[in-house]
Amino acid sequence: MYNKIRIAQALLLLSLTAQPVWSDGPLDGDFEIHSAFIVVEQGVLQLSAHVQYPLTEPIESALRDGVTLAFDLDLNMSKRRRLWLNATVLDMTLRRELTYHAVTDRYVVRNDSGEEQASFPTLEDALDALGRIEDLPILVKAQLRGDGPYVVSIRAGVRRGRMPDTLRTLMFWSDGWHRTCDWYTWTLQF
């Protein structure tokens, strides 16, 4: 009997404290995929998508304090099969970072390898650029077997990236800096 009471108390405590990571956090606001599609150009599958990222005061404040935000776009493509599980054709993540450069008073977007970067005068412009993926080559059509159908899903995510050491010690308990939207899924047939 004592164990049942302890388990009930633990479950009640968990239900009172458990919250999704995005509630009441700095990433609240509109965060969704508005559109996405794939076109074939000269035998190469190219992804275009429009994601709306949240523009909130805590995000701007964190960037101005030296925090780097990481923006991920997960892409999954699988071949639909009738009598078996779908076969994964492609599973990739496009990673980019957003930082604020205090000397130039500009927001800098760069890919995860640091090879490509662009700067923007406002946070709104930077988030808009992050949310517009245009003609991203993802796969060569010759790698696909058959005409499909293929199921394509994308999901966008935002998380806290690098930060100064002083902020790292203050924010180690905060989990509100990670959020993903729902999967945006469609069927692709050639």
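A quick yes/no check of all residues on (1) of a type in the set (A, V, I, L, M); (2) within 20 Å of the chain's Cα centre (by Cα); (3) not in a strand (DSSP E or B):
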position: Arg81; (1), (2), (3): no, no, yes
position: Thr93; (1), (2), (3): no, yes, no
position: Gly114; (1), (2), (3): no, yes, yes
position: Ile133; (1), (2), (3): yes, yes, no
position: Leu136; (1), (2), (3): yes, yes, no
position: Ala142; (1), (2), (3): yes, no, yes
position: Gly146; (1), (2), (3): no, no, yes
position: Arg155; (1), (2), (3): no, yes, no
Just give me the residues in region 66-78 being buried (at least 18 other Cβ atoms within 10 Å of the Cβ) and closer than 22 Å to Ser48 by Cβ, in sequence order. Phe71, Leu73, Leu75, Asn76, Met77
Within the group Ala129, Ala142, which residue is more than 24 Å from Ile33 (Cα to Cα) and out of contact with any Lys or Arg (no Cβ under 7 Å at 6 or more places or on another chain)? Ala142
Can you report the number of residues in region 131-157 which are on the phi > 0 side of the Ramachandran plot and surrounded by 14 or more Cβ atoms within 10 Å (Cβ to Cβ)? 1
Residues of region 99-121 being of a type in the set (D, E, K, R) and more than 21 Å from Arg160 (Cβ to Cβ), in sequence order, are Asp105, Glu115, Glu116
Mind checking which residues of region 90-130 are among the small types (Gly, Ala, Ser) and surrounded by fewer than 18 Cβ atoms within 10 Å (Cβ to Cβ)? Ala102, Ser113, Gly114, Ala118, Ser119, Ala129
What number goes with the only condition from (1) over 22 Å from Thr180 (Cα atoms); (2) modelled with pLDDT under 95 that Thr88 does not pass? (1)
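The values are calculated or read from the model by the stated rules, or taken from the named source; none is laboratory data. The shown structure was predicted, so the numbers you read here are calculated from the model rather than taken from an experiment. Using ideal geometry, Cβ is built from the backbone for each residue, glycine included, and neighbour counts are taken over all protein chains shown.
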